[in-house]
1. Treating only the Cβ of Lys, Arg, Asp and Glu as charged (+1, +1, -1, -1), what charge dipole size does the chain show about its Cα centre? Round to the nearest 20 debye.
2. At 10 °C and 1.306 mPa s, grab the translational diffusion coefficient of the chain from Stokes-Einstein with a Kirkwood Rh over Cα pairs, rounded to a whole number in µm² per second.
3. Label Val166 and Ala344 with points 7 Å out from Cα along Cα→Cβ: what is the distance between them in nm?
4. For the chain, take the longest principal axis of its alpha carbons; what is the angle in degrees between that and the long axis of helix 58-70, to the nearest 10 within 0 to 90?
5. Applying the Karplus parametrisation 6.51 cos²θ - 1.76 cosθ + 1.60 with θ = phi - 60° to the phi angles of the stretch 109-119, what ³J(HN,Hα) value in whole Hz is obtained for each residue in order, glycine and proline being reported as x?
6. Roughly what angle does helix 138-151 make with the longest principal axis of the chain, taking Cα atoms, 0 to 90 degrees, to the nearest 10?
7. Classify the stretch 56-126 as rounded, prolate or oblate from the Cα gyration tensor: take a ≥ b ≥ c as the square roots of its eigenvalues, call it rounded if a/c is under 1.5, otherwise prolate when a/b beats b/c and oblate if not.
8. Quote the relative contact order of the stretch 199-340 in percent (integer), defining contacts as alpha-carbon pairs under 8 Å separated by 6+ residues.
Amino acid sequence: MIHDIAVIGAGMAGASIAAELAPHARVLLLEAEDAPGFHATGRSAAFWEECYGGPGVVPLTRASGAFLAEHGFLTPRGALYVGRAQDRAAMDAFCASYTGTGVHIERLAPDALSDRVPHIRPEWSEALYQPACADIDVAGLHQHYLREARRHGVTLENRARVAGLVRAAGIWSITTARGESFRAAQVVNAAGAWADVVARAAGVRPVGITPLRRTVAVLRVDPPAPADLPLVLDINGGFYFKPDAGRLWLSPHDEIPSEPCDAAPEEMDVAVAIDRFQSVTDWRIAALEHRWAGLRSFAPDRMPVYGADPAEPSFVWFAGQGGFGIQTAPAAARLAAQGVLGVAGDALTAGIDPAAYAPSRFAAAKLEESA
Ligand SMILES: Cc1cc2nc3c(=O)[nH]c(=O)nc-3n(C[C@H](O)[C@H](O)[C@H](O)COP(=O)(O)OP(=O)(O)OC[C@H]3O[C@@H](n4cnc5c(N)ncnc54)[C@H](O)[C@@H]3O)c2cc1C
């Protein structure tokens, strides 16, 4: 059987675009692991935060927010960007960079912070509040897309690591590491940290997707973390923490370049996280209960990459979802699917300019460099 489209990778990216394409095409979903969701998708910090990823990502995040809320995947949390007196200029610059994006940010009075974040040290007096921030039911969203894909006839093949991609007579012949073969007219590269590896296997020029390791530590704190604690982020990007069942999920906001792999946390990064946490609060840490790491994968300009490769249009990029691939999934998948199918935007994607995320921007940069 020749499929219309083979999607490579069944994390949030692959599952969501497969579900969006499935009503209109015969779609095959190929996943290297025993089950979908083992890599970045299964390791996220599970928040939807309007500013996360920068102003260029806001249209995708905001459009997705409406879908996520409507389908019951969001639980209100609120976010606080915190800093010290010397960080006021950074806070002003942060607010200014979101002017005109529709993001709602409130500046809090200094004494308001200690009411919202117990045990915060007094020198952390500056805060921006982002009320729309919410927790995302990541597993629920991922399962929703896998279910929708299945309902519309998508075949999911697990343990199908794509190793070879050859195009002849308008058809891709796809071989896996275990020797199976499949055929499809188009390929969607949703391989997360492996996106450049898959491109190389297909003879397509990589766009420069770099996996960066991010660590999360789960702390038992005394007293337990209140359920209504907001997500607390350092305005200078040194840490974030949020509550979960009385515990705290704490990250040092690390970005350590890595090969694509099953990422594991390093003791040093956990130690840095705890050290930074203790510099911002005097909350007693009773135990370090758990830790994990995952890879967030970025294009050189840290914007996602959606669309047909300029040199090989039957090879479609759906990669570079960085630290925002869950919160942007609904709008990103709809937008990219509309591009593949050649159909116009709809209410979900109306305010989004696909050109901002097109892989052709790298080809243009290359030409400018060589001019
Ligand atoms: C610690 C951490 C915290 C995060 N927090 C948030 C957050 O709060 N909110 C948010 O929106 N985002 C967050 N993210 C980012 C988010 O998790 C990612 O952007 C998203 O999961 C990317 O999805 P993906 O499908 O592209 O990648 P993945 O989930 O990694 O999926 C890629 C899949 O492709 C498969 N694959 C690779 N190569 C092949 C091949 N050759 N053949 C077949 N299959 C292949 C892999 O096995 C994998 O299953 C976080 C990430 C991390 C690591």
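1. The calculated dipole for the chain is roughly 780 debye.
2. Using the Kirkwood radius from Cα pairs, D works out to 74 µm²/s.
3. Modelled inter-label distance: 4.3 nm.
4. Once rounded, the angle reads 90 degrees.
5. 5, x, 6, 6, 5, 5, 5, 9, 10, x, 6
6. For helix 138-151, the angle is close to 20 degrees.
7. Because a/c hits 1.5 or more and a/b fails to exceed b/c, the stretch 56-126 counts as oblate.
8. RCO, the stretch 199-340: 28 percent.
Rule-based calculations on the coordinates, nothing more; no lab input. The shown structure was predicted, so the numbers you read here are calculated from the model rather than taken from an experiment. Every residue, glycine among them, receives a Cβ derived from its backbone with ideal geometry; neighbour counts consider all protein chains shown.
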